[in-house]
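The values are calculated or read from the model by the stated rules, or taken from the named source; none is laboratory data. Here the structure is a predicted model, which is why all the values come from computation and not from measurement. Counting neighbours? That spans all protein chains shown, and the Cβs are built from the backbone with ideal geometry, glycine included.
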Amino acid sequence: MRRAVGLYVHLPFCASRCAYCTFVTSTEAALMPRTLAAVRREVEPLARGGRRRLASLYLGGGTPSLVPPELLEPVLAAVRDSFELPADAEVTLEANPDDVTPERLAGWRRLGVNRVSVGVQSFADHVLAMLGRRHSAAQAGFAVGALLEAGFAVSLDLILGLPRLDESVLEATLAEVVRLRPHHVSVYLLEMDKPHELARPAVRHPDLFPDADAAARQCLRAGRTLVAAGYRHYEVSNFALPSHQARHNTRYWRGQPVLAVGVAAHSQGGRRRWANLDDLPAYLEAVEAGRSPRAWSRRLDEGEALRERVMLGLRLARGVTSPMVRSCRTGTAALGARLDEFLALGLARESAGRVRLTPRGWLLSNELFESLC
């Protein structure tokens with residue numbers, strides 16, 4: 001029997017572009033029908049060789065909640081025609097709080113969505129305004145509450161390391177998260193090395209942004225609060241109540257197969273990695289002309305595959321096996337030296353035949369991972 005796979009569907013449309021966004025998105029709503037038709041055309045050939053079972057389906061973007069459920073319905077129908085989608089599969093839709101209405105909730109439920117990932121980012125209105133978000137803190141709280149009441153598994157995102165995010169603001173946001181008690185929380189640091197709108201004022205006025213130590217303290221504080229509230233810190237940026245880890249995202253970290261359709265969508269299977277064109281007009285032109293929208297494809301060699309497994313495995317609380325690390329050390333001397341340093345400083349631990357990073361080690365993990373490149 002062929003292995004079950006995950007399927008990622010990229011829906012790039014947004015009402016506006018947020019100040020921290022680096023994803024491939026579009027505000028040209030007029031292209032929505034063409035894009036959804038192109039996605040369907042990409043999905044249909046995936047049934048060749050027999051219908052495979054889907055372990056997870058993830059509708060990401062962009063802002064999938066912006067797409068009316070009646071336009072999403074043909075996409076989900078194409079997925080069900082091409083794959084076996086069992087009742088217990090995780091079906092996730094990303095949503096903005098201002099799109100959460102009774103009508104949308106009913107529509108998502110009809111489509112088979114059972115998990116909603118909400119881009120909250122903060123429960124402070126002045127922080128939301130700085131980020132260019134269209135919702136208020138009150139709207140975010142209402143949306144999470146409505147989703148929970150409607151029976152969805154709910155994940156929410158927070159961003160730390162922001163200007164004007166002082167201790168009192170952070171405490172208030174964390175208190176609201178704990179009060180709402182979503183099933184899953186993702187906590188991200190603002191990435192200042194990425195080309196987004198907030199990177200420009202950071203260059204001109206670096207004093208407005210917390211330094212690396214202050215940002216790290218915010219992450220550690222968030223982690224302690226969530227763990228004390230019953231969440232398990234199972235991945236660098238992710239916390240979950242028991243049995244509510246994000247199954248789709250975990251497939252990437254464990255190297256399990258994920259197919260992806262849509263502009264800029266990235267797939268993985270075995271050692272093969274491939275991705276679609278990241279320009280929406282070029283992607284549409286290719287699909288509509290009957291050509292592959294693939295931008296590149298490559299096969300990892302054995303050493304690359306091992307280093308990737310170690311890097312992704314160390315992102316998880318379960319870590320990686322000691323033999324795997326030893327194998328990687330043999331071919332990567334820099335990793336051995338840096339890992340010894342992490343172990344000596346208590347940033348990593350080795351026990352019961354596994355190597356794991358500590359929460360502080362996770363915050364510095366990029367320094368370790370650089371030695372794998």
Failed condition for VAL355, given (1) in a helix (DSSP H, G or I); (2) surrounded by 19 or more Cβ atoms within 10 Å (Cβ to Cβ), with all others met?
(1)
Out of the strands (runs of 3 or more DSSP E) lying entirely within the stretch 219-293, which hold 2 or more residues that are polar (S, T, N, Q)?
266-269
When both residues are 6+ apart or on different chains and their Cβ atoms are under 7 Å apart, which pairs have a first residue that lies in the stretch 336-349 and is more than 12 Å from SER371 (Cα to Cα), and a second that is among the charged types (D, E, K, R) and assigned to a helix (DSSP H, G or I)?
LEU347/ARG360
Looking only at residues in the stretch 320-348 that are under 29 Å from the mean Cα position of the chain (by Cα) and closer than 15 Å to LEU363 by Cα, which one is surrounded by the fewest Cβ atoms within 10 Å (Cβ to Cβ)?
GLY346
Looking only at residues that are of a type in the set (Gly, Ala, Ser) and closer than 24 Å to ASP88 by Cβ in the stretch 1-31, which one is surrounded by the most Cβ atoms within 10 Å (Cβ to Cβ)?
GLY6
Would you point out which residue out of SER136, SER122 is in contact with a helix residue (DSSP H, G or I) (Cβ under 6 Å, 6 or more places away or on another chain) and under 17 Å from ALA222 (Cβ atoms)?
SER122
Taking SER267 and the conditions (1) in the same structural domain as VAL154 (by TED's automatic domain parsing); (2) surrounded by 19 or more Cβ atoms within 10 Å (Cβ to Cβ); (3) of a type in the set (Gly, Ala, Ser), which numbered condition does it fall short on, given that it satisfies the others?
(1)
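In the stretch 43-83, which residues are of a type in the set (Lys, Arg) and assigned to a strand (DSSP E or B)?
Residues satisfying the conditions are ARG52, ARG53.
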So in the stretch 66-80, with the set limited to residues that are more than 12 Å from ARG110 (Cα to Cα) and in contact (Cβ under 8 Å) with a residue 40 or more places away in the chain, which one is surrounded by the fewest Cβ atoms within 10 Å (Cβ to Cβ)?
LEU66
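Answer with yes or no whether ARG34 is among the basic types (Lys, Arg), surrounded by fewer than 22 Cβ atoms within 10 Å (Cβ to Cβ), in contact with a strand residue (DSSP E or B) (Cβ under 9 Å, 6 or more places away or on another chain) and not in a loop (DSSP other than H, G, I, E, B).
Considered against the rule, which asks whether it is among the basic types (Lys, Arg), surrounded by fewer than 22 Cβ atoms within 10 Å (Cβ to Cβ), in contact with a strand residue (DSSP E or B) (Cβ under 9 Å, 6 or more places away or on another chain) and not in a loop (DSSP other than H, G, I, E, B), ARG34 comes out as no.
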Breaking point among (1) of a type outside the set (A, V, I, L, M); (2) modelled with pLDDT of 95 or more; (3) not in a loop (DSSP other than H, G, I, E, B), for PRO201:
(2)
Answer with yes or no whether SER297 is surrounded by fewer than 19 Cβ atoms within 10 Å (Cβ to Cβ) and either assigned to a strand (DSSP E or B) or among the aromatic types (Phe, Trp, Tyr) (or both).
yes
If you go through the stretch 217-239, how many residues are over 16 Å from GLU176 (Cα atoms) and of a type in the set (Gly, Ala, Ser)?
1
Among the residues of the stretch 14-35, write down those that are of a type in the set (Val, Ile, Thr) and either within 22 Å of GLY161 (Cα to Cα) or under 20 Å from the mean Cα position of the chain (by Cα) (or both).
THR22, VAL24, THR25
